[in-house]
Structures are given as structure tokens and as C-alpha cells.
Amino acid sequence: MVVTGAASGIGRATALAFAAEGARLFVCDLAASELPALAHELLEAGAERAQAQTVDVGSRQQMAAFCQRACAEGAPDVLVNNAGVGLAGGLLDTTLEDWEWIMNVNLWGVVHGCHFFAPQMALRGRGQIVNVASAAGFYNSEAMAAYGTTKYAVVGLSEALRAELTPRGVGVSVICPGFIDTPIATRMRMRGAAYPEGERENVVRFYRKRSYAPERVASAILGAVRYNRALVPVTPEAWALYLLKRAAPNASHRLVASLGRLFGPSRKGAP
């Protein structure tokens, strides 16, 4: 199986969960210094094989080479397009460079993964593609305009790809976590008066206070692979937003405002 963005957070937890199942793992990340230790840890956890490679998922050439290496002995049974970055801020505070950066990882990374691996899996006639999106993929707000846009796109791509690949024996799932305690909060870009750099500590504190570990998302990914689930919200707020958006779209913004007051940092809540 293949996992992108595997050096930390949801990607690492997912790789370890599949290692415990005895999977042969091909993982990648930009964090080159962390990959040798990760490969060793995956083997210790029970992986039949673990190869880790430094890959920029936004690079067409690097993803093509990664796919060629991972598919040297045949298409993977599972592909998890997980790599992602965060950006807090509204449209008026987001530069075009910010847009290019987040689109390159969060959207093009998924497109590249699907583009290069899906044909191999379709030829084989089986497999599961899992795209990691976010609760922002069915609810967006002024606090995460660019981030939510990329996640909406991942949800839409997954829906179309599921319809296309199901007749070819390949399942497609999209995972939509809510607030998960991962390093994304420490690394995301902060933009605008509502999210100055000094607010980062409050955002990180929010995620820690929420106390939902990435292992919960990894468990949801395992379930999605086993049962070919189409769309999987993770965490109570993700389910609440999903159901509320379907039943009463205009009320979803009020729910997020309430969550921000209950759990969020000092200003407008966490992205």
C-alpha cells in the first residue's frame, strides 16, 4: 500500500495501522530526515516491507517516479492520498502565492496520486483509493477560504472518481476529519488581522484541547478500506456539520461560531 504525507500526523498513524496488519508499505513525505526512522518503525510494527521516499506530491515528475517505484511489483492494493498543509485566513488576506502553495499540495497532490496510481489499479481490477479531505470539504468559512476550497475539490474529485472506478473494481473513499491534534497547526500559514502569527499558540492549544488523536482517523481509514465507504466524517463536529449542511445549510455557520466560542482560541475559533 501507499501513503503520502506519512512522516507525521494522520499519515504516520495510518501507515502504522496498516503495518500492524502486515502490509507492504511504500510511504513518502517531504520531511527527508524523518523517513529512515519511520521505515524502521513500520517494520517494527509488523510491516512485511517498508520503503520511504522523499517526494513532493505537488511535483508531477516526482510523483510519476514514486508511482513507478511503488508499482514495480504490481499496483498497490491501497492508496492513501494524505499529504496536506493548512492556511488560516480569508480571501482578502490570502496572496496568490499562498493559493498556489496550498493548491499544489492539497489538491494537485491528490490529483497526481490518483492520476498515476488509479490506472494501474484499474488494470489490476481491484484496490481502494482513500483521499483525506476535511470537514472543511463540506463546510467552508471565512477563516479558511483557501484551505476549505482545496478540501471541497478533493471531496468532489473523490465522488467523480468513485463513479468512474467502481465498474473497474476499484473503490474510492474520502475521509473528512474535524479538529485533529496533528502538527498541521504548528506549520500552517497564518494570514490577516484575525490570524496573526502571534495567534498560532492559541490555535495549537485549541487542537490539543480538542484531544482527538490521528489514530482515530487512521481507524476510520482502515474501516473505509474494508467496507468501501464513500464519505467518512470523523469526530462529532464533522458529523454534525455534515448532517446539518444537508438538512439546514444556512444554520451551519452558526454551529461553527458556537464551536469556536466553546473550544476555540481567543479570536474566532480554530481553522
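The values are calculated or read from the model by the stated rules, or taken from the named source; none is laboratory data. Please read all numbers here as calculations on a predicted model, not as lab measurements. Using ideal geometry, Cβ is built from the backbone for each residue, glycine included, and neighbour counts are taken over all protein chains shown.
List of remarks:
- Residue match in the range 88-95 (condition: without any contact (Cβ under 8 Å) to a residue 60 or more places away in the chain, assigned to a helix (DSSP H, G or I) and under 26 Å from residue 179 (Cβ atoms)): yes
- Sole residue being touching a Ser or Thr at 6+ places or on another chain (Cβ under 6 Å) and either among the polar types (S, T, N, Q) or at pLDDT below 95 (or both), chosen from 244, 255: 244
- Any hit, the range 174-182, residues being loosely packed, with under 15 Cβ neighbours inside 10 Å, in contact with a strand residue (DSSP E or B) (Cβ under 9 Å, 6 or more places away or on another chain), modelled with pLDDT under 95 and of a type outside the set (D, E, K, R): no
- Qualifying residue in the range 219-229 (condition: part of a loop (DSSP other than H, G, I, E, B), in contact (Cβ under 8 Å) with a residue 40 or more places away in the chain and more than 14 Å from the chain's Cα centre (by Cα)): yes
- The set of residues in the range 37-58 being out of contact with any Gly (no Cβ under 6 Å at 6 or more places or on another chain) and touching a residue at least 40 places away in the same chain (Cβ under 8 Å) consists of 52, 55.
- Cβ pairs under 6 Å, 6+ apart, first in the range 124-141 and surrounded by fewer than 23 Cβ atoms within 10 Å (Cβ to Cβ), second part of a loop (DSSP other than H, G, I, E, B): 124/75; 125/169; 126/169
- The lone exception for residue 56 - which of (1) at pLDDT 95 or above; (2) within 18 Å of the chain's Cα centre (by Cα); (3) over 18 Å from residue 31 (Cα atoms); (4) outside any helix (DSSP H, G or I) it fails: (3)
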